[in-house]
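Written below as structure tokens is the structure these notes are about.
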Amino acid sequence: MSAPRVTSVAPFGRGPLALATLGTVAFALCWYYQGDERGHSLPGLGIGLALLTWLGATILPFLGAALLVVRWFADPNTSAFVVLSDTIIHTAHLWAAWWLYFRVAHGARGLDDPRSATVFLLLGPGLLAAVAAGVQALLWCWWTDRFTELPALSAQLFLSRTVGIVVATPFLVIFGTPLLLRWGAIREALPPTFFSGDEDGPTRFGDRVELLGLALATAVLSPLLLLGDGPNWILWGGCLILIVWTCIRQGLRGGVFTASLASMVMLSIASIMPIQNHLRAPLQGYVLTFCSAALLLGVSASWIRANEMRYRHVVNRIPFVLYSVRLPFGIPSRSPSGSSKETKSDPQTGPLISQLAEVVLVSPASSKVFEIAPADLTGPFAKWLDMIEPEDREVLIASLAQLCLQKQPVTCEYRLRGSGFELPVEVSVVSGKPRSLPVLMHRWMRE
């Protein structure tokens, strides 16, 4: 379950005020040193969107004022109309991305669930970036009376906006939010313990070494994409494989860290050493692919891992035995028609389950119910069958086979092996005198 995590827009305290001040300064410096907006990226937009994520719409007027001043003094020869219109468009883009994501789509602040990550990519660097780039390009062409440049100019502005947001915002939000919460610079609408288990990242020394190695390898290989006369798809595929590997192994934080580091290295080299014009668009495509894939794959891997942790957390506390069995490939599945009528199982299903099925999880309650440790029951399903009386094993196998063919649950009962004991029971005999006879009793289990 994911709840929207938004920042309260209460007046700034000491911590939020310091964050707002430093963030506004960084936002202004990025725009000052950016130069032409048709460059490789606009990191200022990414920083502004991260500040809105942390501090809410209260910071927006300060960002707009800082952008207006910086744009005016950075290029005094630019007309006041262009400066004012660009400031309004950028500010409106930031506000619309924040408002639609949090207020309309109810996305998570940490981008830590697949739905929120997908909505973020579709809105901020996607739809809204295209609209803002189109409007800005139209105003520029109208002011200079060069409408023939409208398609190319719109594409350049769109790519620079998208790259700036995709590279900066996820990295700042994912890594900055936990630190700012710990320092008291931002406030969480719900207590942090409510989201226990959502955070994902390397905790062991070996994981950190693996993440560092994958990140450095990607950062070293990615600048090689800027060499040559055209796109190097083999090298691009190799970098993408490293990022995907990092996402699967290290989750959201590891994938975003690796992709952002490689993208920042590529963009920095491209800004210092001019690259050929025909490699400019492929460079932006590389960055978009790396960062978007890292965000989507990383959040999916972390989400699956977090759900597995919650499931195991619940399983460890229930008073009855719960176990999971991985069935072998080729077991007959449920009827495609979805009917609830019971179907006779295939004669081959039982042997397949008993020979090829594997127990992957057993709850700790097995130590009290079966008097067997959970680790001793995981592995081949034959271990589970060994603790059942031989005459009752077919009952359990048939129940599991039937479960593969229907949606309704199946109930069966069986006796535990070696659990029989003699219990004296008084019975009446023909003579009328009661006599104590030993009766063999077993421990019965219902599944």
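Structure notes:
- Each of Y33, Y101 has its accessible area taken with a 1.4 Å probe; listed largest first, they run Y33, Y101.
- Within the shell defined by Cβ-Cβ distances under 15 Å, the residues around E391 carry a net charge of -1, with Lys and Arg each +1 and Asp and Glu each -1.
- Region 42-97 and region 233-262 have Cα centres spaced 31 Å apart.
- Annotation: extensible slack from R443 through D145 equals 98.3 nm (criterion: 0.36 nm per residue apart, minus Cα-Cα distance).
- Extension gain, E391-A92: 0.36 nm per intervening residue step, less the Cα-Cα distance, totals 100.3 nm.
- Efficiency of FRET from Cβ geometry, D376 and N307, R₀ 45 Å, rounded to 0.05: 0.95
- Cβ-derived FRET efficiency at R0 41 Å, L22 paired with W233, nearest 0.05: 0.50
- Region 13-110 shape via C-alpha gyration tensor axes, a/c threshold 1.5: prolate
- Interchain or long-range residues, amide H under 5 Å from L361's placed H: S324
- Within the shell defined by Cβ-Cβ distances under 14 Å, the residues around I318 carry a net charge of +4, with Lys and Arg each +1 and Asp and Glu each -1.
- Per-residue SASA remark: W142, around 150 Å² accessible (1.4 Å probe; ligands, DNA and RNA not included).
- Accessible area per residue (1.4 Å probe, heavy atoms of protein chains only) ranks C30, C141 as C30, C141, with the largest value leading.
- Between amide H atoms placed 1.01 Å from N, distances below 5 Å from I388 occur with R417, all of them 5 or more places distant or on a separate chain.
- Between K407 and Q276, the FRET efficiency estimated from the beta carbon spacing at R0 = 51 angstrom works out to 0.25.
- Solvent-accessible area of I318 with every protein chain in place, 1.4 Å probe, in Å² to the nearest 10: 40
- Note on E389: accessible area is roughly 30 Å² with a 1.4 Å probe, heavy atoms of protein only.
- When L68, L212, L225 are compared by accessible area at a 1.4 angstrom probe, the order from most to least is L212, L68, L225.
The values are calculated or read from the model by the stated rules, or taken from the named source; none is laboratory data. Keep in mind that this is a model prediction, so the values were computed, not measured. Cβ: placed from backbone, ideal geometry, glycine included. Neighbour counts: every protein chain shown. What goes into the accessible areas is simple: the full protein's heavy atoms, side chains included, and nothing from ligands, DNA or RNA. Shrake-Rupley method; radii C 1.70, N 1.55, O 1.52, S 1.80 Å.
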